[in-house]
Amino acid sequence: MTATKQILSLNRFDASKATGFDATLTDRIARRQATFGASSVLFYEQPIEMVRAEGAFMFDASGRRYLDVYNNVPSIGHCHPRVVEAISRQAAVLNIHTRYLNQTVEAYAEKLLASFPSPLSNVVLTCTGSESNDLAMRIASTATNAKGFVVTKAAYHGNTAMVTEISPSSMRTRTPAPFVRTVPAPASDAGPDVASSFAAAIRTAIAELQEAGHGFAGLIVDTIFSSDGIYADPAGFLRDAADVVREAGGLFIADEVQPGFGRTGGGCGASRVTTSFPTS
Ligand SMILES: Cc1ncc(COP(=O)(O)O)c(C=O)c1O
């Protein structure tokens, strides 16, 4: 596995190469390392102290403005006034788990489901993408009585013990677990064959898992392939892959942490939660 495939290494700050920082930045970094530990990751050769954000922009301590194409998932921009107002209002009224009846939660679930394809008929709310994917893997293994998963070569699906096993891009020195097979991302240079070549690679990976006795639980893909390099076209090209998966009795799991909630633009009716399509 090459270093370029490790997500957290891509822009990692290396304290041993730090030179010429002013006293304030040196102090900030020392405070971070004293509390989070030296192995916690900061980004960039010169770490940036962010202080606020608005819409598509983030601002550092000196007031410098950055166009945000990298920070994670504020789908409709940073600090959207309606989101800020709704969070503040709810925090002042009620903040509870979901094992009480509550109209806000029920209404939200109904609204979300109305935007899903009809086979998806219920929701499970989670706090993180890692949790969603972990749960989707458990559902797939239970539904299929199998353990094998197929992912793309530079996939990242989160940081629980289980999803780390299917996240090659998190692994510095080892390969994914034996019950995992990787396929190349659906390269856009495959032209019109992108759908069929991706589906063929998945078919081969499924056969290998079955041959090795792991069985096949599912394919999990970040539907925009953000850690593999962003592959979004042509629209609908994942249908062949999903067909191959279902024919083999597995679940197609769409990890929509990155593209969810319409983050990729109009027409994307997806949600941040992981969605797993039933096999029949
Ligand atoms: C594609 C993808 N899946 C899963 C995750 C994990 O989400 P979380 O950090 O909310 O656990 C991420 C986080 O960046 C992600 O990009």
Gyration tensor verdict on segment 3-47 (Cα atoms; rounded if a/c is under 1.5, prolate if a/b is larger than b/c, oblate otherwise): oblate
J(HN,Hα) series, segment 182-187, from Karplus relation 6.51 cos²θ - 1.76 cosθ + 1.60, nearest Hz, glycine and proline x: 10, 10, x, 4, x, 4
Calculated FRET value between GLN103 and ARG138, using beta carbons and R₀ = 22 Å, to 0.05: 0.15
Between segment 176-255 and segment 105-144, the alpha-carbon center distance in angstrom: 21
Cα-projected label distance for ASN145 with ALA114, points at 7 Å along beta-carbon direction, nm: 4.1
Quotient of Cα Rg and 2.2 N^0.38 Å for segment 50-95, N being how many residues it contains: 1.34
Whole-Hz ³J(HN,Hα) from phi, Karplus 6.51 cos²θ - 1.76 cosθ + 1.60, for segment 204-209, glycine and proline x: 4, 5, 4, 4, 5, 5
Exposure proxy order (Cβ contacts within 10 Å, fewest to most) of ARG31, ARG246: ARG31, ARG246
For the chain, diffusion coefficient by Stokes-Einstein and Kirkwood Rh (Cα), 25 °C, 0.890 mPa s, µm²/s: 117
GNM result for the chain, Cα springs below 10 Å: residue of ALA92, ALA161, ALA107 fluctuating most strongly: ALA92
Residue-by-residue Karplus 3J(HN,Hα) for segment 10-23, coefficients 6.51, -1.76, 1.60, Hz, glycine and proline x: 4, 10, 5, 6, 10, 4, 6, 9, 6, 9, x, 6, 6, 4
Segment 126-277 shape via C-alpha gyration tensor axes, a/c threshold 1.5: rounded
Folded to 0 to 90 degrees: helix 103-114 orientation relative to the chain principal axis, Cα: 50
Length released on extending from ARG174 to ARG82, taking residue separation times 0.36 nm less the Cα-Cα span: 28.7 nm
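Since every read-out is calculated from the coordinates, none of them should be taken as a lab result. This is a predicted model, so every value here is computed, not measured. Cβ: placed from backbone, ideal geometry, glycine included. Neighbour counts: every protein chain shown.
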